[in-house]
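Each remark here refers to the structure printed beneath this line.
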Amino acid sequence: MSSLFASSANDSEGTKPRSADNGSAVVQTADVVRDARNPISRHTVADVARYYNEWTPDYINGFGEVFQGARPESTEELLEYIKSAARLEDGLTVLDAGCGVCGPATWFAEHGDLTIEALTISEVQVAEAQQRINRRGLQNRVTVRQGDFQQLAQIYPPAHFDRILFLESLCHAEDYRTVLQQAKQLLKPGGCVYIKDFYAIDNRSRPEVLEMQAQDLRDLNQVYCLMMPDIPRMVDTISALGFDIVYLRQPLYEYSSKPWEKFMEESKLYWLPKLDPNLDINTIEFLISTKTHEVFLNR
Ligand SMILES: C[S@@+](CC[C@H](N)C(=O)[O-])C[C@H]1O[C@@H](n2cnc3c(N)ncnc32)[C@H](O)[C@@H]1O
C-alpha cells in the first residue's frame with residue numbers, strides 16, 4: 001500500500017492518546033482503535049448489512065469474487081496460500097464466516113474435499129453467492145445463508161466444524177469477544193479458527209505520528225464501516241477465551257496494492273491516508289485452536 005493513498009473523509013472527533021490501560025494492553029488512539037475485549041457502538045450489524053448490500057456490485061467489479069485488500073495480485077495465489085495457512089485438509093467441515101459472494105468458499109470446494117457452510121450478513125451477497133454455487137455445481141458442498149456471525153451458536157450446532165474462517169470479515173463485528181466465544185463452541189475438539197485481518201499499528205514508540213494515524217484510521221473506519229483492534233488486546237481476548245495460539249504472523253505472500261486500488265477506482269470508496277499506510281495498519285493472520293490437552297494439578 002503506498003502512493004495512491006492520500007486523505008479523504010473528514011470527522012470532527014478528537015484524538016485521545018493514552019499510554020496505558022489497566023497496566024496491561026495499550027490504547028494508542030482511543031476513539032479510532034477498538035479494544036477487542038469490549039463491544040463497540042460505532043457501527044451496528046445493520047449498518048454493515050446496508051453497506052454490503054449497497055456496495056457488493058462495486059466489490060465484484062473491483063476485486064472480482066474475493067473481497068480482500070491484503071493480498072498478492074493473483075487471486076489463485078491468495079486462495080492457495082489461505083488453504084495452506086488455515087490447514088484446509090481433505091475431509092474437513094468448514095465455516096466461512098463473512099463469506100462475501102463465496103469466491104473463497106467455491107474455490108476451496110473445487111480444490112479440496114471440503115464441506116463448507118458460508119455465512120454473510122448481506123442478502124445481496126447470498127443471492128450472488130448462490131448463483132456461483134449453482135453455476136459450479138457445488139450445491140452438495142457449499143451452503144450459503146444470510147445471518148449474523150455474532151449469533152453463530154443459534155445458527156449452527158455445537159462441535160460441528162473443523163475450521164472456521166474469518167477472511168477480512170471480523171473487523172466489521174460489533175463484538176469480537178462474542179463472535180469468537182461462539183466460534184469456539186462450534187469447533188470440534190482440536191478444531192481451529194483462522195483469522196486474516198487488519199490491525200492498527202502500535203505507534204507508542206512514534207508519538208509524533210499518533211495524531212495523523214488517528215485521522216487516517218478515522219477515515220478508514222468511516223469509509224469501510226469497520227473498526228480495527230490493536231494486537232495486544234486481540235491476543236488478550238483470544239487467550240481469555242481459552243484458545244491456544246498456534247501462530248500469529250504477517251502473511252508470507254508478497255503484498256500487492258493493485259486489487260485494492262482497482263476497487264477504489266471502481267467504487268470511489270477511497271481511503272487516502274496522510275501517513276505511510278504501513279504506519280497505520282498491518283495485516284496479521286492468526287491460527288488459534290481449542291485446547292485438547294487436560295490440565296492436571298500436581299498435588
Ligand atoms: C471484506 S468482505 C470479505 C468477504 C470474503 N471473506 C472474501 O474473502 O471474499 C467482509 C464480509 O464480512 C461479512 N460480514 C460483516 N459483518 C458480518 C456479520 N455480523 N455477520 C456475518 N457476516 C458479516 C460481510 O457480509 C462480507 O461478506
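Throughout, read-outs are computed from the coordinates displayed, never taken from laboratory work. Not measured: the values here are computed from a predicted model. Heads up, the Cβs are rebuilt from the backbone with ideal geometry, glycines too, and the neighbour counts pull from every protein chain shown.
Structure summary
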quantity	calculated
Max mean-square fluctuation residue, GNM over the chain, Cα-Cα springs under 10 Å, options Glu65, Glu285, Glu76	Glu76
GNM flexibility winner over the chain from Ile281, Ile133, Ile155 (Cα, springs under 10 Å)	Ile155
Percent RCO, i.e. relative contact order, over the chain, from Cα pairs under 8 Å lying at least 6 residues apart	28 percent
Proxy reagent accessibility, fewest Cβ within 10 Å first, across Asp148, Asp96, Asp113	Asp113, Asp148, Asp96
Gaussian network model of the chain, springs between alpha carbon atoms under 10 Å - residue of Ile82, Ile40, Ile238 with greatest fluctuation	Ile40
Mean Kyte hydropathy of -1.0 or more with a Cα span along the axis of at least 20 Å, helices from DSSP in the chain	45-63, 210-224
Lysine pairs in the chain with Cα atoms under 27 Å, if 8 or more residues apart or on separate chains	19
Cα gyration tensor shape for the range 82-155, rounded if a/c is under 1.5, else prolate or oblate	oblate
For the range 17-173, average projected area of the Cα convex hull in nm²	10.9 nm²
Kirkwood hydrodynamic radius (C-alpha pairs) into Stokes-Einstein, the range 113-250, 4 °C and 1.567 mPa s, D in µm²/s	76 µm²/s
Size descriptor, Kirkwood hydrodynamic radius, that averages inverse alpha-carbon separations across the chain, Å	19.7 Å
